[in-house]
There are 2 protein chains.
Amino acid sequence: MALKGGTRARRWNPVRMEDVAQRAGVSLMTVSRAIRLPHTVSEGTRAKVEAARAELSYVGSAIAGQLAAGRTRLVGVVLPDLRNAAFALAMQGLSDTLGREFELVVASPHGAEEGDEHVIRSLLGYRPAALVIHGNVRSREARKILVSSEIPVVEMGSLLRRPVGCSIGYSNREAGEAATEYLLAKGHRTVGFVCAPMRYNERAKERWHGYRAALKRRGIAPRPDLELEIELGYRRGEEAFKLLRKRERGIDAVFFTGDAWALGALFYCQRQGIEVPRDVALMGFDDQEQAALVVPALTTVRVPRYEMGAQAGRVLRARLMDLPHGDTQIDLGFEIIERSSA
Amino acid sequence: MALKGGTRARRWNPVRMEDVAQRAGVSLMTVSRAIRLPHTVSEGTRAKVEAARAELSYVGSAIAGQLAAGRTRLVGVVLPDLRNAAFALAMQGLSDTLGREFELVVASPHGAEEGDEHVIRSLLGYRPAALVIHGNVRSREARKILVSSEIPVVEMGSLLRRPVGCSIGYSNREAGEAATEYLLAKGHRTVGFVCAPMRYNERAKERWHGYRAALKRRGIAPRPDLELEIELGYRRGEEAFKLLRKRERGIDAVFFTGDAWALGALFYCQRQGIEVPRDVALMGFDDQEQAALVVPALTTVRVPRYEMGAQAGRVLRARLMDLPHGDTQIDLGFEIIERSSA
DNA sequence: TTGAAAGCGCTAACAA
DNA sequence: TTGTTAGCGCTTTCAA
């Protein structure tokens, strides 16, 4: 600790705890206590330190503090895509329940081919107190480094058979099956299916399995030509819808595994005078706020977006504070919301 | 560096650089180099280190590394609200241009009354390499600690007269004025206005100033009873619209400073058989993807959401790498998108 | 209630 | 090309 004002360039905020200590006329350690454990220092000392802190606009270095303490107050969040409003809702739930004492470090793969391993490794470098993964851990290597990191991990969105840590969500397979069965029960027989590219998206794949299962139970032959994998978006929904109708004029219904696609198709029908659900039934997924307001109102599947994040936050708080915590699998369920489009 | 396997509890991932070094049969420093500056070590050494690293599943501590190096690879992001899709787009732009080498630490105020000061202070604790603030720095205290932190700061969304660092965006005032003038030029005289609560939202206030200015230039008396401040949302848009119509049966047009509100109102009109724009004209703000697809297509103001984030990323990259960088004020402009609703 | 010493896991500067 | 030494700015431990 020699050479305090040495030659080494002072990086960052030049105000250190030491400076506050000198100003307050106490030792560095007392400043540390006054800030983190105010009740362990005397009233007068606390006031002096607080005054010095304010005068110098001192902001402690979380980096240094957490390195010394051996634990951070960072929670890593892995998102498949920053743009998706559904993830944003879950983030809000997480942030709300985690509270002020944790910060969220958010990362998503740069480019579709980048594996989850890279993102997870980057986040683990910051030694987060916990990790929340929207979606599921795919690669074997990612699993391995997660397990050996020994921090609480929450996988969110799909209930998994073999989660790395805790799994919160609902069964995408059952949701897909229920939605398809809903359409079949209405008498539709030629039902299209639209989902995200399944290669990198376990949830999409699950919903597809559910869709196929529902067809099978009714003894309906699958139509691979009516199953589309595309990126999310309103326009994409319109395009997918047009393509499906081109491929099969007599299509009865389309199950879009995302409201944005379904709404895009619905708006297209509005413009073209295609009557929904008489000419073709449309089913969405997510129950976004607008789904209830469009004409005809969109029949869709409601999944607990905000609640997933909030539950994740609660589970992590409990784990991090060594409180007892419940299951490692939390099924929040889903709900078919019957409206007018199907 | 004594007591290596001492009594002190080993927190975090127990694998340290030292362990990799031993395994590879080289010094700690060589491992550090092999990882960060691969070209400065010999081929063989690099291979040995890489093998050891893989065997031990070593993930370096960014916390320790960055404390030692005196700079982090974190970029702090302040968002007014995690849910807002508009911010998500800007985040994506930021993430895309910043690239893999930086992580984003995202924070937003917990509760509407919490000042920006608290959020900014929390983020600065992590000594981020830079800070991106969506919106503007309000409090004097926040300004002060930002300035004294001496890191690059980007304020995004509104062009500011006196930004803390760099300001990227467009003039909300001019956008508000242009949109209103557009409606007035169409012959509308009784024009409602809907925005977010102005108390905590400088952008909303700016748009309102623009709205008032446009009225004034045309010699139209303002109607404070037709100016509403509400939270964003489709349903809220519908409610606001109903309220405005109740207050003034003869309302000609409504300028919603957010597409979600405008679309909510538009969907309501669809359901009620209110003809847009014949009965009443509707104007949005943001040009979300759906705006072009609904019936009638929504006339709105396009602002460069993604581009703002991307520009912020570019400016920061330049600053952080000491490259020359352009202006400290980047006006990305806005555009009135004329469609059918107004 | 306060302080001094040791060191968190790594990088920078310098030496070999 | 590799190794050694001295910290980064804090917290922990232990002593006063």
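Bear in mind these aren't lab numbers, they're just calculated from the coordinates by the rules spelled out. As the structure is a prediction and not an experimental result, all values here were calculated from the model. Here the Cβ positions follow ideal geometry from the backbone for every residue, glycine too, while neighbour counts run over all protein chains shown.
Some notes on this structure:
- Rounded if a/c under 1.5, otherwise prolate or oblate - the protein assembly as shown, Cα gyration tensor axes: oblate
- The stretch B:224-238 - phi-based ³J(HN,Hα) in whole Hz, Karplus 6.51/-1.76/1.60, Gly and Pro as x: x, 6, 9, 10, 10, 10, 9, 6, 6, x, 5, 4, 4, x, 4
- Fewest-first sequence of B:L244, B:L332, B:L320 by Cβ atoms within 10 Å of each Cβ: B:L332, B:L320, B:L244
- Where a label projected 7 Å from the Cα of A:E55 along Cα→Cβ would reach, residues of the stretch A:22-39 with amide N under 16 Å: A:22-28, A:31
- For the set B:K205/B:K242; A:K242/B:K186; A:K205/A:K246; A:K186/B:K242, the pairs lying more than 28 angstrom apart at their alpha carbons are A:K242/B:K186; A:K186/B:K242.
- Note on the protein assembly as shown: helix-only mean residue ellipticity at 222 nm, from DSSP H runs of 4+ residues weighted -39500 (n - 2.57) and normalised by residue number, equals -13500 deg cm²/dmol.
- Computed E for A:Q329/A:V147 - FRET, C-beta separation, R0 25 angstrom, nearest 0.05: 0.90
- Order by protection proxy (mean Cβ within 10 Å, highest first), peptides B:57-66, B:257-266: B:257-266, B:57-66
- Nearest-ten-degree value, helix A:43-56 long axis tilted from longest Cα axis of chain A: 70 degrees
- Separation in nanometres of the label points that stand 7 Å from Cα toward Cβ, at B:A69 and B:R161: 4.1 nm
- The mean sequence distance of close C-alpha pairs (under 8 Å, at least 6 residues apart), as a share of the length of chain A, puts its relative contact order at 16 percent.
- Taking a Cβ cut-off of under 12 Å around A:P277, the surrounding Lys, Arg, Asp and Glu residues balance to a net charge of -1, with basic ones at +1 and acidic ones at -1.
- The mean count of C-beta atoms from other chains within 10 Å of the C-beta of residues in B:289-301, rounded to a whole number, is 4.
- Normalised contact order of the stretch A:235-274, rounded percent, pairs of Cα under 8 Å and 6 or more residues apart: 56 percent
- Within straight-line reach of B:K144, meaning a Cα separation under 13 Å, sit the following aspartates and glutamates at least 8 residues removed in sequence or on another chain: A:E55, B:D116, B:E117.
- Distance from the alpha carbon centroid of the stretch A:87-122 to that of the stretch B:278-342 works out to 25 angstrom.
- Residue of A:P152, A:P277, A:P128 that the Gaussian network model of chain A assigns the largest fluctuation, springs spanning Cα pairs under 10 Å: A:P277
- Number of partner chain Cβ atoms within 10 Å, mean per residue of A:96-102: 2
- Rounded to 10°, Cα long-axis angle of helix B:172-185 versus longest principal axis of chain B: 30 degrees
- Relative contact order of the stretch B:32-112, defined on C-alpha pairs under 8 angstrom at six or more residues apart (%): 27 percent
- Average beta-carbon neighbours from other chains, 10 Å sphere, peptide A:81-90: 4
- Cβ-placed point charges (K, R +1; D, E -1), dipole of the protein assembly as shown about Cα centre in debye, nearest 20: 1420 debye
- Full-extension gain in nm, A:H209 to A:A318, via 0.36 nm per residue minus C-alpha separation: 35.8 nm
- Around the Cα centre of the stretch B:23-169, unit charges on the Cβ atoms of Lys, Arg, Asp and Glu (plus for the first two, minus for the last two) sum to a dipole of about 440 debye.
- Residues whose amide H lies under 5 Å from that of A:I337, counting only those 5 or more places away or on a different chain, are A:T300, A:V301, A:R302; hydrogens are built 1.01 Å from N in the peptide plane.
- Using alpha-carbon coordinates, inclination of helix A:202-217 to the longest axis of chain A, degrees: 30 degrees
- Going by neighbour counts of Cβ atoms within 10 Å, the residues B:L282, A:L79 line up, fewest first, as A:L79, B:L282.
- Vicinal HN-Hα couplings computed from phi for the stretch B:137-148 (Karplus, 6.51 cos²θ - 1.76 cosθ + 1.60; Hz; Gly/Pro x): 6, 9, 6, 4, 5, 4, 3, 4, 5, 5, 4, 6
- Label point 7 Å beyond Cα of A:R218 along Cβ direction - residues of the stretch A:265-287 with amide nitrogen under 16 Å: A:277-284
- On the beta carbon distance between B:R247 and B:A185, with R0 = 25 Å, the FRET formula returns roughly 0.55.
- For B:S167, residues with placed amide H under 5 Å, excluding near neighbours: B:E155, B:Q329, B:I330
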